[in-house]
Amino acid sequence: MSSILNRSAKGQPQFTAPEQSSPSGEKSRSDADFPTAIRGLDNARTRIVGYRTGFLADLIVGLVRFAVLARATFSRYAKRITAVVTPVGWVVLLLVPVTLTVGYTIAWQELVVVGFALAAIALMAAIYLFGRSQLTISLHVGHHRVVVGENASGEVRGENEGKRRSLGVVAEIPIAATYAEAVLPSLRPGAAATHEFPIPTHRRGVITVGPVRTVRADPVGLVRRELVWTESAEVFVHPRTISIPSVSTGLIRDLEGNPTKDLANNDISFHALREYVRGDERRNIHWKTTARTGRYMVRQFEETRRSHLVIALSLATTDYANDYEFEMAVSVAGSLGAQAIRDARTVTVVASEQTPQFAKRKIFAVRALSTLTGTRLLDDLTRVQRADTALRLIDVARVTSEQTSGVSVAFLICGSTVTSQQLRAASTKFATNVEVVAIVCDPEAVPGLRRVSGLSVLTIGYLEELKRALARSAGA
């Protein structure tokens, strides 16, 4: 912006900015146009007293500032009080002025005594809120991953880091939907005490342990002060799994894969010899035939296929008769997937996706579980739950076949409510060269293997039968 050169009364040159016009045609004014720095200011003071100055304006501003500070202080302490006073405490605090006022008004001495007694109880309860604990409390979980049914425990450790003897405290440890109590006794300076508590592992899932908190409360229950000491910890309760022989995991006899009808220049299964063409690798030249025919001849192979396992787990409630069948299905998926990962096979594990309760249409999708390691897979399986809105087995098979390429073996895992017709319909969603194996978890049926229109159906009543059933199917 160019400046206009003016001269002051003393003849010195001065630069002043030209006046600017607003879009409406009015001249805009900068801060330098106002006689004082207050002009043009928009803050709390100007909103209260405008541009006025003087003692009265300062007094009004001071009173408002005091009111704002008092309000903030009152709110801070009010939040602390409301956080520690129980409903019974509020009733007592309300009865104290009521009983004293009514008692003195109608000269009822007994009611006055009750009022003073309640005031004394409230005063003694307030004493329990004062003071600072000298303990340092920590939480330790022995094993963050256990198998369902195994013993698991945690430990709360309290250490007195102060210079005086500490009082005994009771620590509360939330464990899923329940609580455990850890009683830490009175400790001398530098001493420590521990309390071990069990963690329930009778059901598969992720159990949140903690945070540990101590409660300071009066005997009557008027006040309750909670102090949080630690962060929460997660314990993964994995489904029960069994070890499966690798020879039966993929139902493929050859470790390197079955030969296909596709021809390749480099592979393991030899097919025939053909004449050399530009671009062929010289290491594939068959020199004996070349010497006999006088033309370069190279080996040609049948392309083999490494086994790509797909394990599809249905989470639909209608595909299972009860929770026992569903938990067995989760264990089957974990056993197959973990063994395939240990055998360094290509494996994909998917589970039904759920449709949100308020969705306008059904969502056709599957959720891929982690197959990076067996532990990661079991971690993901601890979180799966069956649901009414989850995809059924037929839809799971269709979505899986569309989203997964190069599948050689597909395991479809479900419960006893899935019929043979539905199993056949699910198997047809995969290509004809895919070996489809349906594993039906039914404790009421006779375990066995049957073939249904190119589909292998394994029925098991308990998890240990999976190993024998897969061994029979591999040898069939």
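The values are calculated or read from the model by the stated rules, or taken from the named source; none is laboratory data. Given the structure is predicted, the values throughout are model-derived calculations rather than measurements. Cβ atoms come from the backbone with ideal geometry, glycine included; neighbour counts cover every protein chain shown. Calculation scope for accessible area: heavy atoms of the full protein, side chains included, ligands and nucleic acids excluded. Shrake-Rupley method; radii C 1.70, N 1.55, O 1.52, S 1.80 Å.
Here are a few things to note about the model shown:
- Checking every one of the trypsin sites (Lys or Arg not before Pro) in region 357-446 against DSSP loop status and a limit of 14 other Cβ atoms within 10 Å picks out Lys360, Arg361, Lys362, Arg383.
- Rounded, prolate or oblate (a/c below 1.5 giving rounded, otherwise prolate when a/b exceeds b/c) for region 311-361 by Cα gyration tensor: oblate
- Ala445-Phe364 FRET efficiency (beta carbon distance; Förster radius 35 Å; 0.05 resolution): 0.70
- The GluC sites (Glu not before Pro) of region 380-444 that DSSP puts in a loop, and whose beta carbon has at most 15 other beta carbons within 10 Å, are Glu444.
- Solvent exposure of region 37-178 as accessible area per residue, Å², 1.4 Å probe: 71
- Protein accessible area in region 361-423, 1.4 Å probe - carbon and sulfur %: 47
- Of the chymotrypsin sites (Phe, Trp or Tyr not before Pro) found in region 127-194, those in coil by DSSP whose Cβ has at most 11 other Cβ atoms within 10 Å are Phe130.
- Gain in span if fully extended, Ala192 to Leu227, counting 0.36 nm per residue against the direct Cα distance: 10.7 nm
- Amide H contacts of His238: Val146, Val147, Val148, each under 5 Å away and 5 or more positions distant or on a separate chain (H built 1.01 Å from N in the peptide plane; Pro and chain starts excluded).
- Given their separation in residues at 0.36 nm each and the Cα-Cα distance between them, His140 and Ser453 gain 107.2 nm when the chain is fully extended.
- Residues in region 349-414 average 49 Å² of solvent-accessible surface per residue, probe 1.4 Å, ligands and nucleic acids excluded.
- With R₀ fixed at 25 Å, the C-beta to C-beta distance from Arg213 to Ser153 puts the FRET efficiency at about 0.85.
- Potential extension, Lys288-Ile60 segment - 0.36 nm per residue separation minus Cα distance: 71.0 nm
- Averaging the Cα positions of each part gives two centres, and for region 303-376 and region 46-64 these lie 71 Å apart.
- Taking a ≥ b ≥ c as the square roots of the eigenvalues of the alpha carbon gyration tensor, region 402-476 is prolate, as a/c is not under 1.5 and a/b beats b/c.
- Relative packing of 404-412, 452-460, 53-61, which averages over residues the other C-beta atoms within 10 Å, highest first: 404-412, 452-460, 53-61
- Counted over all Cα-Cα pairs of region 340-476, pairs farther apart than 23 Å make up 38 percent.
- For region 203-224 versus region 136-169, the gap between their alpha-carbon centres in whole angstrom: 14
- With a simple spin-label model that places each label point 7 Å from the Cα along the Cα-to-Cβ direction, the separation between Thr82 and Arg278 comes to 8.7 nm.
- R0 of 30 Å, Cβ-Cβ distance Thr373-Ala425: FRET efficiency to nearest 0.05: 0.30
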